[in-house]
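Student: Handing you this structure, nothing more for now.
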Amino acid sequence: MRTLSVLIASLALTAPATFASAPYHPLDSLNWQEHWRVLEILEASGRLTPETRFNRISVLPPPKEQVLALRAGERLPRIAELQLKQGAQAIAAQVDLDRGRISAWRVVEGVQAPWLIEEFLGAPVQAVLRHPDFQDAVRRRGIPTTRFLNCHAMPIGNHEEPRYRGRRVAIVRCEPVNGIRNRFVRRIEGLTAIVDVNTNEVLEISDDEVVPTTTTTAEYDRDTIGERTFPTRLELTQPDGPGFRMSGAVVEWDRWRFHVRSDQRVGTIISQLSWREDGVDRPVMYEGSLSEIFVPYMDPRRDWYTRTLLDAGEYSMGGLSGPLTPGVDCPDHARYLSGIIVQDNGRPQQKDRVICLFERTRGDMSWRHADDGRPKRELVVRMIADLGNYDYVFDWVFETDGQFRLATGATGIVATQMSKAADATQSVDGARADRYGRFVDRNVIAVNHDHYFSFRLDLDVDGPANSFVRDALTTVRLPDDSPRRSLWVSDEHVVASESGGKLDADPHQPALWRVTNPAKRNALGYPTSFQLIIPHGAHTLLSPDDVPRQRAGFIEHDLWVTAYDPGERYAAGEYAVLSPPGEGLPKWTRADRPLENRDIVLWPTVGMHHKVRAEDWPVMPVLWHEIIVRPFDFHDRNPGLNVGLRP
């Protein structure tokens, strides 16, 4: 690769950038010109080499206290944060765009830089395809050429195997794609290669078992499957335009106001969420986003036990958010936002339609009694993560009654393996062929797995100084002369420190979880608060000594409550590629920082154990899970009482 100076030689290196005029907000993403300005400053510094690759170029949010104190007409410094790979080194850097200089540059010891596109698709794959042992193994499966193989080099995870310690290793898997559209129905089973991606040395080739590649097809395009129609049309239109307003990246809808931006690693970030009441914007949340995704597969064979994926931290090199399709992913009346990601060579790439905003009504009511009530109208902010075979829909849903929801939908194509058995009626060598999964097609088994989604919610209920309250619902025995024997009461417990902020939902020991502001009270004398409601979770079934469980330590609890730290953004740690056990939330909370009347952050996790059914094939219907964040004594009465009769 030629140095970056060749790539941007036509640009002036010293002239200040001219930025397009737009309403200023300190949390805005870097625009196109700012991104290039970062590259110009780096090139002028002389720090770049032919080995320099870029993992991240993004705005570094200013200190929270400065953003909150910002007055109209004032501006804060624009700083870019960078993650780079230079040879085998991981580099963390900052560039001051206002001063035109590098303000921080350090080698991060003991970590691996985030994965690159060229590592995923490039030289490591070619090294394997050229290897004679791999070519022989392909031919033994009746595949005469590697020309029609799709191969990918993916981080192997970290299973504390001594032979890989300190190396940047990938596992390479392939599937034949000739003649089919749905490439996930076929693969080369039992054949993998391990590559050191820093040197492109093929360390080993594993050929566990020759399993014929199925001739099954599982196409789902309209030409193949046809189209089912309804006798009448259903139209969703908004003839008067959207009911929300946007000024730059700031959205106003009903009484809600917030800033929205797209991030390469976690997708949609909602910031400075507030609710307007009596002409005052009352703070609700400073920042909220996805934090991490963990998907471990449940098969002990070499090709499958290595699939313990930290999707956001390991696989967001092309940007977590995929392009949205109008009329399918979002309604026709939706408004779209674009995002900018960094390519391996540092250049910006615009991704269009990575976020959509739209209003909807689903025929539900916001409230009702007898013959009176109000219809529900919602604002949705949506992005979809394209992660190979799986697609994850992430919705922020805002309602007129003061609550918002985080809805996560899993869809896409389940990961499959080839089997010598045709279906569940056949065995292989006297054993069940579907011990670790379930047949979804002829000679095709979908492997059992889990999905975990961790979110970071920096709630600021009427300001940053909050406490976390656990309302335990406990049984109380009544006197012997009472016709009733028992009832329940609520006992409020303020969580003092992080050791008490590791919580699990238990229907047999019910409790409400709330973030309160001890200094603010509603008209009835109660501290204002917001309640967090999470669905029934999928508690991990991995053993405590299983390294993938330890690497994704955030799955140990349904909720973690931590003291605010701007450097703590990702539940499994900043550097997820080949990361050691215990990073992220388990490491941070060992300090047992105080939580009372402090700036605190919630980290809820939702998950599911996925035993695949026939109806999940060839494309899985969307399966939804929701987190609800609702006002609890934040108002004096139902704030949605006066919503209009027309949605």
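The values are calculated or read from the model by the stated rules, or taken from the named source; none is laboratory data. Values in this document were obtained by computation on a predicted structure and should not be read as measured data. Counting neighbours? That spans all protein chains shown, and the Cβs are built from the backbone with ideal geometry, glycine included. Just the protein is used for accessible areas: all its heavy atoms, side chains included, with ligands, DNA and RNA removed. Shrake-Rupley method; radii C 1.70, N 1.55, O 1.52, S 1.80 Å.
Student: Considering only the range 514-539, how many residues are out of contact with any strand residue (DSSP E or B) (no Cβ under 7 Å at 6 or more places or on another chain) and not aliphatic (A, V, I, L, M)?
Tutor: Number satisfying all stated conditions: 4.
Student: Does at least one position in the range 167-187 carry a residue that is under 30 Å from residue 86 (Cα atoms) and open to solvent by 10 Å² or more (accessible area, probe 1.4 Å)?
Tutor: yes
Student: Consider the range 604-647. How many of its residues are surrounded by 14 or more Cβ atoms within 10 Å (Cβ to Cβ), of a type outside the set (S, T, N, Q) and assigned to a loop (DSSP other than H, G, I, E, B)?
Tutor: Going through the range 604-647 one residue at a time, the tally reaches 11.
Student: Now for a different question. Note down all Cβ pairs under 6 Å where the first residue falls in the range 507-525 and is touching a residue at least 40 places away in the same chain (Cβ under 8 Å), the second is among the polar types (S, T, N, Q) and open to solvent by 40 Å² or more (accessible area, probe 1.4 Å), and they're at least six residues apart or on different chains.
Tutor: Here the result reads 518/597, each pair linking the range 507-525 to a residue that is among the polar types (S, T, N, Q) and open to solvent by 40 Å² or more (accessible area, probe 1.4 Å).
Student: If you don't mind, there's one more thing I want to ask. Here are some residues: 170, 137, 153. Which one is among the aliphatic types (A, V, I, L, M) and touching a Phe, Trp or Tyr at 6+ places or on another chain (Cβ under 7 Å)?
Tutor: 153
Student: Turning to a different aspect of this structure: For the range 472-506, give me each residue that is over 29 Å from the mean Cα position of the chain (by Cα) and either touching a residue at least 24 places away in the same chain (Cβ under 8 Å) or under 22 Å from residue 631 (Cα atoms) (or both). First the steps, then the outcome.
Tutor: We begin by selecting, within the range 472-506, every residue over 29 Å from the mean Cα position of the chain (by Cα); these are 472-494, 496.
Correct list: 472, 473, 489, 490, 491, 492, 493, 494, 496.
Student: Any residue in the range 254-265 that is surrounded by 18 or more Cβ atoms within 10 Å (Cβ to Cβ) and at positive phi?
Tutor: Within the range 254-265, one or more residues are surrounded by 18 or more Cβ atoms within 10 Å (Cβ to Cβ) and at positive phi.
Student: Mind counting the residues in the range 574-603 that are in a loop (DSSP other than H, G, I, E, B) and either acidic (Asp, Glu) or more than 23 Å from residue 532 (Cβ to Cβ) (or both)?
Tutor: Within the range 574-603, residues that are in a loop (DSSP other than H, G, I, E, B) and either acidic (Asp, Glu) or more than 23 Å from residue 532 (Cβ to Cβ) (or both) number 13.
Student: A further question on this structure: Residue 247 versus (1) surrounded by fewer than 17 Cβ atoms within 10 Å (Cβ to Cβ); (2) hydroxyl-bearing (Ser, Thr, Tyr); (3) closer than 30 Å to residue 113 by Cα; (4) in contact with a Pro (Cβ under 8 Å, 6 or more places away or on another chain): which is the lone unmet condition?
Tutor: With respect to (1) surrounded by fewer than 17 Cβ atoms within 10 Å (Cβ to Cβ); (2) hydroxyl-bearing (Ser, Thr, Tyr); (3) closer than 30 Å to residue 113 by Cα; (4) in contact with a Pro (Cβ under 8 Å, 6 or more places away or on another chain), residue 247 is out only on (3).
Student: Kindly list the number of the only condition in (1) touching a strand residue (DSSP E or B) at 6+ places or on another chain (Cβ under 6 Å); (2) closer than 26 Å to residue 545 by Cα; (3) not in a strand (DSSP E or B) that fails for residue 171.
Tutor: Status for residue 171: all satisfied but (3).
Student: Follow-up question, since we're still on this one. How about the range 293-388: which strands (runs of 3 or more DSSP E) wholly inside it have at least 2 residues that are among the polar types (S, T, N, Q)?
Tutor: Ranges flagged: 348-360.
Student: Looking only at residues in the range 276-320 that are over 19 Å from residue 571 (Cα atoms) and hydroxyl-bearing (Ser, Thr, Tyr), which one is surrounded by the fewest Cβ atoms within 10 Å (Cβ to Cβ)?
Tutor: 305
Student: Is it true that some residue in the range 45-52 is part of a strand (DSSP E or B) and either of a type in the set (Phe, Trp, Tyr) or modelled with pLDDT of 95 or more (or both)?
Tutor: First, pick out the residues of the range 45-52 that are part of a strand (DSSP E or B): 52.
From what's left, either of a type in the set (Phe, Trp, Tyr) or modelled with pLDDT of 95 or more (or both): 52.
Yes - at least one qualifying residue is present in the range 45-52.
Student: OK, next. Restricting to the range 572-596, name every residue that is open to solvent by less than 20 Å² (accessible area, probe 1.4 Å), under 22 Å from residue 315 (Cβ atoms) and in contact (Cβ under 8 Å) with a residue 40 or more places away in the chain.
Tutor: Passing the criteria: 572, 573, 576, 577, 579, 584.
Student: I'd like to know if the range 536-550 contains one or more residues that are open to solvent by less than 50 Å² (accessible area, probe 1.4 Å), in contact with a Pro (Cβ under 6 Å, 6 or more places away or on another chain), assigned to a strand (DSSP E or B) and not aromatic (Phe, Trp, Tyr).
Tutor: Checked the range 536-550: no residue is open to solvent by less than 50 Å² (accessible area, probe 1.4 Å), in contact with a Pro (Cβ under 6 Å, 6 or more places away or on another chain), assigned to a strand (DSSP E or B) and not aromatic (Phe, Trp, Tyr).
Student: While we're here: Spot the failing condition for residue 329; the list is (1) of a type outside the set (Ser, Thr, Tyr); (2) under 21 Å from residue 630 (Cα atoms); (3) open to solvent by 30 Å² or more (accessible area, probe 1.4 Å), and only one is missed.
Tutor: It fails just one condition, (2).
Student: Okay, next question. Within the range 213-259, can you find the residues that are under 29 Å from residue 647 (Cβ atoms), touching a residue at least 12 places away in the same chain (Cβ under 8 Å), in a loop (DSSP other than H, G, I, E, B) and among the small types (Gly, Ala, Ser)?
Tutor: 243, 248, 249
Student: Oh, and also: What's the total number of residues in the range 595-647 that are on the phi > 0 side of the Ramachandran plot and of a type in the set (Asp, Glu)?
Tutor: First, pick out the residues of the range 595-647 that are on the phi > 0 side of the Ramachandran plot: 597, 633.
Now restrict to residues that are of a type in the set (Asp, Glu): 633.
Qualifying residue count for the region: 1.
Student: Residues that are of a type outside the set (A, V, I, L, M, F, W, C), open to solvent by 50 Å² or more (accessible area, probe 1.4 Å) and in contact with a Leu (Cβ under 9 Å, 6 or more places away or on another chain): find the strands (runs of 3 or more DSSP E) completely inside the range 422-534 holding 2 or more of those.
Tutor: Counting at least 2 such residues, we get 467-477, 486-494.
Student: One residue is enough: does the range 97-111 have a residue meeting the conditions within 18 Å of residue 264 (Cα to Cα) and among the charged types (D, E, K, R)?
Tutor: no
Student: Within the set of pairs 6 or more residues apart or between chains, which connect a residue that is touching a residue at least 12 places away in the same chain (Cβ under 8 Å) and more than 14 Å from residue 179 (Cβ to Cβ) inside the range 131-160 to a residue that is among the hydroxyl-bearing types (Ser, Thr, Tyr) and in a helix (DSSP H, G or I) with Cβ atoms less than 8 Å apart?
Tutor: Close Cβ pairs satisfying both conditions: 156/164; 159/305.
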